[in-house]
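The structure under discussion appears below in the form of structure tokens.
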Amino acid sequence: MAIRDSRTLALAVAGVLCCALTVRGATKTCGTVALPESALAVVRARFPGMRIVQLRDLREDDQRLWSSARGHECPGVAVGRFEPSDGPAYALALFRRNGTSYTEALVVVSRHRRRYDLQVLDPPESRTYLLVVHSIPPGKLSDEETGKTVETRRDSVAYEAIEAEVVVFYWERGHYASVVASE
């Protein structure tokens, strides 16, 4: 009887340690999104001093519009199958405040061969307000500027100036391409 109880205790301890390690390997980043710590380390190394856009960082009217349209989703993180990878990829809107303006960039972090790689979709650029990011399921995309239409087979990354313009990045022949869509 004592052996059975100690086995039960050992299994319970192992379960607790397993859960603790799982939680330790990922960091709750924004909303309900938990990014793997190794993915965040890649982002921090390439963009020190920048952080992920959160709801409180947006202008007041953008906060209301985002919350109304997307609920509790994080405006700085989109998760999807954007490219061939070993799991989900993370599109991140990163920023740093510079007095009354911001420097913002859009990156995708994805896992390939057991390590995370980072691709810059929109390099750091000065802005007066922050853009948001979300994922779009596979389907047809139309470019408002060129009239070009593409059919995507994977999720796409939408980088949006709320109530203005949306640039959609999609995977095509080994790299990201983009189309400009309007609201």
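If you go through the range 99-113 one residue at a time, do you hit one that is among the charged types (D, E, K, R) and modelled with pLDDT of 95 or more? So far as the range 99-113 goes, yes, one or more of its residues are among the charged types (D, E, K, R) and modelled with pLDDT of 95 or more.
Listed by first and then second residue, the pairs linking a residue in the range 56-76 that is more than 16 Å from TYR129 (Cβ to Cβ) and free of Cβ contacts under 8 Å to residues at least 40 places away in the same chain to a residue that is buried (at least 19 other Cβ atoms within 10 Å of the Cβ) and not polar (S, T, N, Q), with Cβ atoms under 6 Å apart and 6 or more places separating them unless they lie on different chains, form an empty list. When the residues of the range 144-183 are filtered to those that are among the aliphatic types (A, V, I, L, M) and within 18 Å of GLY76 (Cβ to Cβ), the one that is surrounded by the fewest Cβ atoms within 10 Å (Cβ to Cβ) is ALA164.
The set of residues from the range 68-121 being touching a His at 6+ places or on another chain (Cβ under 9 Å), assigned to a strand (DSSP E or B) and surrounded by fewer than 18 Cβ atoms within 10 Å (Cβ to Cβ) comprises just one member, GLN119.
The values are calculated or read from the model by the stated rules, or taken from the named source; none is laboratory data. Because the structure is predicted, anything quoted here is derived from the model rather than measured. Methodologically, a virtual Cβ is constructed for each residue, glycine included, from the backbone with ideal geometry; neighbour enumeration extends over all protein chains shown.
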